[in-house]
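Asks: Have a look at this one.
The values are calculated or read from the model by the stated rules, or taken from the named source; none is laboratory data. Being a predicted model, the structure only gives us computed values, none of them experimental. Using ideal geometry, Cβ is built from the backbone for each residue, glycine included, and neighbour counts are taken over all protein chains shown. These area figures cover heavy atoms from the full protein model, side chains too; ligands, DNA and RNA do not enter into them. Shrake-Rupley method; radii C 1.70, N 1.55, O 1.52, S 1.80 Å.
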Amino acid sequence: MVACGKLLIALNPSAASASCLSDKSASAKGVSVDPQLEHHDSSPMRTPRYLRLSTCVALFASLLLGACKPAGETATPAGPGAAAGAKSRRVAVVVSTLNNPWFVVLAETARNRARELGYEATIFDSQNDPSKESTHFDNLIASGYGAVLFNCTDAEGSIANVRRATARGIGVFCMDREIKANDAATSQILSDNYSGAVAIGEHFVEKVGESGTYAELLGLVADTNTWNRSKGFHSVVDRFPDLKMVAQQSADFDRTRAMEVLETILQAHPDIDAVFCGNDAMAMGAYQALLAARKADQVEVFGFDGADDVVRAIAEGKITATAMQFPKIMAITAAENADKFLEGERNFPQRVPVTVELVTQENVHKFGDHGRKQ
Amino acid sequence: MAGSNNESAHDSTMHQPNKSFQRALGWIVPAAAAIFLLVLFPPFHVVRRSGPGAASSGSSVASSVFEPVAFVEKFWTEQLLPAARRAPELAPILADLRRDPAAASKAHARRVGVGTTAYYFARGSGRVTAVARSRLLVEIDGAAGATVALRTGPVFGNAVRDGSGLLDLNNVPGLAEFNALSAELNRKVEESVLPSLRGASVAVGARITFAGCAEAPESVGDGPLLVIVPVKAEVGS
C-alpha cells in the first residue's frame, strides 16, 4: 500500500528567488552571454554558473521534498507543536445530515454552545455524502478554523479527514458517531447505540412476551448505527426462540418510507404483534401505517432516538418505548471540550460514552426536549 | 589580436580535462544533492496496510484483532474474581439506598462516561425467600430485612462490564469491541455462575453467599432494592 503524504509546498520566496533570479537580473541589466561559451565555460567568470544552477536545483528540491512529511507525522493528532488551530476563534460544526430533525438538534446545539463560549461557529451539512464531508474539511482547514465538532458520515472513510485536520493543529471532537481509530480525533463523545438497543430488546420481551411475531424496520444499511441497534436488539430477542421475526426491511431512517414499507409488510403479515424501528422517524411512520390499517391498538411500536414527537406519542400511549440518545448533552460536551482545547488543554479521553436511556410509558414523564427534564 | 587568439586556444587545450571534469561536476553535484534530499525527505512512503500508519485502518489498537472470549477468560480469573472477594459489603449500601437512592448512588456506585446510569459492585450473604423463574429473592444478612433479587435467567446489559470499574472503553479498540466484552461477560456469568443457582438445592430457606453487580435504581419501592447479576455464588444449607 502506497500512501503519499500530502504535498504542502511552503515555498520560501526569499530563499528560492535570491539565487534563481541572479540570471534573470543579469539579462535584465543587458549583460550579453556568448552562446558558445555557455557550453565551454571554463573561465573563472563562468564557473559559478553551474554552481548557481546546482544550488537552484538543490534548493528547489529541498524546498519541494522538505514539504513532504513522513506519513506517521501527518497522522499525529494535535500536540504541543501543532498550535496553529489553537489560536483561532472559529469553530466548525460538520454534521452528517440536516434532513433528520435529530441531527438538526445536535448541530444547532453544538453551534449555539460554541457561540455562547465566544466563538464564531458555522454548520456544514455533509448530506450523508463522504465527498461533501471531505470538501468541508478542505474548506475549514483553509479557512483557519480552530476546532471541529464532528458527526461523521462514515466510521472508516472519515478518518482521513480527521487526520488532515488534526495534523494542522485543529481539534476534532466527534459527536454521536464513532470513527474507528483511536489516534485520529482529539476526543469522541459517543452514543452507545448497542446498549440502548439491548435495553429496548429487554423491554420488548417484557411487553410482547416470550412468544409472538414481529417486524423490524432497519435504517440506512450503510450506516453503522443501523447495525449497532439491530445487533443490540437481536442480542436479547433472539434468546427467545418463540419470538419470530417475520420481516426485516430497510426504510432508510425515513418516516414516509417506513409507512410504505410497513403497509406492504402488513399485507403479508397482518397479525404481527410488534414492530421494532431503528429510529423514531420510522416509528412514527410505522404508527401511521398501523393507524391506517386499524391495528394501532394491537401492535406495539418501538423506536430509537428520543425525538420529541415520539416521547409525546409514548406519553399518549401510541408508541411503546424509545431509547433516549441525549443529542444536546453530546453537543454541549463537544463544544465545551473544543473550548478547553482552544484554551490550551490537550488531555482528553479518546472516547467518552454517553448513556442511552430507555423511555417507557412508566418513566416518560421524566423526559422531553431531547433529554431528561430539568 | 592573433597572439591573443593563440593564447586562448592554448588555454583551451590546457584546460580540456579540467573542463570535462567541471562539466561532469555540474551534473553530479545537483544529482548528489537531489539524491541526498530524496533519501532524507522521501516524497512517498510504503507502509503496511495493517500498520500503525495506515490511515484507512486507524490506529494500531483498532487494527489489531480483538478476541473478547480470550480477553474475558483472562479478565475473569485475574481481575474480576479477586476484585469480587474485596468488593464492598452490601448491607450498608442497602441501608443508604433505602434512605436516599440518589445519595447512595453518588456514594457507592460507578458511572461510565456521561449519563445517569450507575452500577454497584458488592458482596453479601443471605437467605432465599422466594424462587422465581429468572430470579431468586434473597434477604440480606444485617440489612434489617432488605431484599435483593439475584438474576438466574438470561443476562443482558452492561452491569458486569461497567459495575466492577475494572474495564475502560479506551483500553479496547472501540465501542463495538466494548459491547462484545459485555456480551461475553454475560455469557460467562450464565455459563459459570448461574447453574449453581438453578439447582434443586436452591430453595426457600437456602443460604447464599455471593458477589455481583447491579444497576443503581432511581427510586426504590417495597420489592427488592437491587437486581444483582452474580459473578460468584455459593449455596449452603
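Asks: If you scan the range A:298-330, which residues turn out to be in a loop (DSSP other than H, G, I, E, B) and within 14 Å of chain B (Cβ to nearest Cβ)?
Replies: Keep residues of the range A:298-330 that are in a loop (DSSP other than H, G, I, E, B), which gives A:298-299, A:303-304, A:306-307, A:316-320, A:325-326.
Once the filter is applied, which keeps residues that are in a loop (DSSP other than H, G, I, E, B) and within 14 Å of chain B (Cβ to nearest Cβ), the range A:298-330 yields A:Gly306, A:Gln325, A:Phe326.
Asks: May I pose another question? Considering only the range A:350-371, I want to know if a residue exists there that is more than 23 Å from B:Gly157 (Cβ to Cβ) and open to solvent by less than 10 Å² (accessible area, probe 1.4 Å).
Replies: Taking every residue of the range A:350-371 in turn, none turns out to be more than 23 Å from B:Gly157 (Cβ to Cβ) and open to solvent by less than 10 Å² (accessible area, probe 1.4 Å).
Asks: Next up: Regarding A:Glu316, is this residue closer than 30 Å to A:Gln298 by Cα and touching a strand residue (DSSP E or B) at 6+ places or on another chain (Cβ under 7 Å)? Spell out how you get there, then give the answer.
Replies: Values: closer than 30 Å to A:Gln298 by Cα: yes; touching a strand residue (DSSP E or B) at 6+ places or on another chain (Cβ under 7 Å): no.
Judged against the criteria, A:Glu316 is not a match.
Asks: To continue, here is another question. I need the full set of residues from the range B:190-216 which are crowded, with 22+ Cβ neighbours inside 10 Å and closer than 17 Å to A:Ser235 by Cβ, in order please.
Replies: Correct list: empty.
Asks: Residues A:Asp309, A:Asp271: which one is modelled with pLDDT under 95 and open to solvent by 40 Å² or more (accessible area, probe 1.4 Å)?
Replies: None of the others qualify; the one that does is A:Asp309.
Asks: For the range B:217-232, what are the residues that are crowded, with 23+ Cβ neighbours inside 10 Å and either within 14 Å of chain A (Cβ to nearest Cβ) or more than 25 Å from the chain's Cα centre (by Cα) (or both)?
Replies: Initially, the range B:217-232 is screened for residues crowded, with 23+ Cβ neighbours inside 10 Å, giving B:224-226, B:228-231.
Answer for the range B:217-232, where residues must be crowded, with 23+ Cβ neighbours inside 10 Å and either within 14 Å of chain A (Cβ to nearest Cβ) or more than 25 Å from the chain's Cα centre (by Cα) (or both): B:Pro224, B:Leu225, B:Leu226, B:Val229.
Asks: Consider only pairs whose beta carbons are under 8 Å apart and that are at least six residues apart or on different chains; among these, list those whose first residue lies in the range A:308-323 and is at positive phi and touching a residue at least 12 places away in the same chain (Cβ under 8 Å) and whose second residue is part of a loop (DSSP other than H, G, I, E, B) and open to solvent by 10 Å² or more (accessible area, probe 1.4 Å).
Replies: A:Gly317/A:Gln361
Asks: Here is a list: A:Ala274, A:Ala258, A:Ala292, A:Ala268. Which entry is within 26 Å of the chain's Cα centre (by Cα) and aliphatic (A, V, I, L, M)? Full working, then the answer.
Replies: Details: A:Ala274 fails: within 26 Å of the chain's Cα centre (by Cα); A:Ala292 fails: within 26 Å of the chain's Cα centre (by Cα); A:Ala268 fails: within 26 Å of the chain's Cα centre (by Cα).
Being within 26 Å of the chain's Cα centre (by Cα) and aliphatic (A, V, I, L, M) holds for just one of A:Ala274, A:Ala258, A:Ala292, A:Ala268, which is A:Ala258.
Asks: Here is a list of conditions, (1) crowded, with 17+ Cβ neighbours inside 10 Å; (2) at pLDDT below 65, and B:Gly113 meets all of them except one; can you say which number that is?
Replies: (2)
Asks: Among the listed residues A:Gly144, A:Gly171, identify the single one that is buried (at least 24 other Cβ atoms within 10 Å of the Cβ) and in contact (Cβ under 8 Å) with a residue 40 or more places away in the chain. Explain how you work it out, then say what you get.
Replies: Working: A:Gly144 fails: buried (at least 24 other Cβ atoms within 10 Å of the Cβ).
Just one listed residue meets the conditions, A:Gly171.
Asks: Now a separate question. I'm told B:Pro92 meets every condition in (1) free of Cβ contacts under 8 Å to residues at least 60 places away in the same chain; (2) buried (at least 17 other Cβ atoms within 10 Å of the Cβ) except one. Can you identify the failing condition by its number?
Replies: Among (1) free of Cβ contacts under 8 Å to residues at least 60 places away in the same chain; (2) buried (at least 17 other Cβ atoms within 10 Å of the Cβ), B:Pro92 violates only (2).
Asks: Here's a follow-up. Please work out if A:Ala313 is closer than 18 Å to A:Ala110 by Cβ and not charged (D, E, K, R). Lay out the reasoning, then the answer.
Replies: Values: closer than 18 Å to A:Ala110 by Cβ: no; not charged (D, E, K, R): yes.
No, not satisfied.
Asks: Still on this structure: Starting from the range B:178-189, keep only residues that are facing another protein chain (nearest Cβ under 9 Å) and more than 10 Å from A:Ser235 (Cβ to Cβ), then list their pairs with residues that are assigned to a helix (DSSP H, G or I) and among the basic types (Lys, Arg) whose Cβ atoms are within a distance under 8 Å, requiring at least 6 positions of separation or different chains.
Replies: Listed pairs, sorted by first residue: B:Phe178/B:Arg161.
Asks: Kindly list the number of the only condition in (1) touching a Gly at 6+ places or on another chain (Cβ under 6 Å); (2) under 29 Å from B:Ala103 (Cβ atoms) that fails for B:Thr209.
Replies: (1)
Asks: Now, a different point. Would it be correct to say that A:Thr256 is more than 14 Å from every other protein chain (Cβ to nearest Cβ) and among the β-branched types (Val, Ile, Thr)? Working first, answer last.
Replies: Numbers: more than 14 Å from every other protein chain (Cβ to nearest Cβ): yes; among the β-branched types (Val, Ile, Thr): yes.
Against the criterion (more than 14 Å from every other protein chain (Cβ to nearest Cβ) and among the β-branched types (Val, Ile, Thr)), A:Thr256 qualifies.
Asks: Select from the range A:158-182 the residues that are within 10 Å of the chain's Cα centre (by Cα) and part of a loop (DSSP other than H, G, I, E, B) and write down the one among them that is nearest to A:Trp102 (Cα to Cα).
Replies: A:Arg177
Asks: Would you mind stating whether B:Thr77 is polar (S, T, N, Q), exposed (fewer than 13 other Cβ atoms within 10 Å of the Cβ) and at pLDDT below 95? Show your work before the answer.
Replies: Working: polar (S, T, N, Q): yes; exposed (fewer than 13 other Cβ atoms within 10 Å of the Cβ): yes; at pLDDT below 95: no.
Taking the combined requirement at face value, the residue does not satisfy it.
Asks: Let me ask something else about it. Every residue in the range A:277-299 that is closer than 15 Å to A:Ala258 by Cα and among the charged types (D, E, K, R), please.
Replies: Of everything in the range A:277-299, just one residue is closer than 15 Å to A:Ala258 by Cα and among the charged types (D, E, K, R), namely A:Asp280.
Conditions (1) within 10 Å of another protein chain (Cβ to nearest Cβ); (2) not β-branched (Val, Ile, Thr), marked per residue:
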| position | (1), (2) |
| --- | --- |
| A:Asn193 | yes, yes |
| A:Gly201 | yes, yes |
| A:Val208 | no, no |
| A:Phe240 | yes, yes |
| A:Val246 | no, no |
| A:Ser250 | no, yes |
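Asks: What tally of residues in the range A:331-374 results from selecting those that are part of a strand (DSSP E or B) and either more than 10 Å from chain B (Cβ to nearest Cβ) or in contact with a His (Cβ under 7 Å, 6 or more places away or on another chain) (or both)?
Replies: Filtering the range A:331-374 for residues part of a strand (DSSP E or B) gives A:351-354, A:357-360, A:367, A:372.
Next, only the ones that are either more than 10 Å from chain B (Cβ to nearest Cβ) or in contact with a His (Cβ under 7 Å, 6 or more places away or on another chain) (or both) stay: A:358-360, A:367.
So the count comes out to 4.
Asks: Taking the range B:128-175 as the search range and keeping residues that are closer than 27 Å to A:Ile200 by Cβ and assigned to a strand (DSSP E or B), which one is nearest to the other protein chains (Cβ to nearest Cβ)?
Replies: B:Arg151
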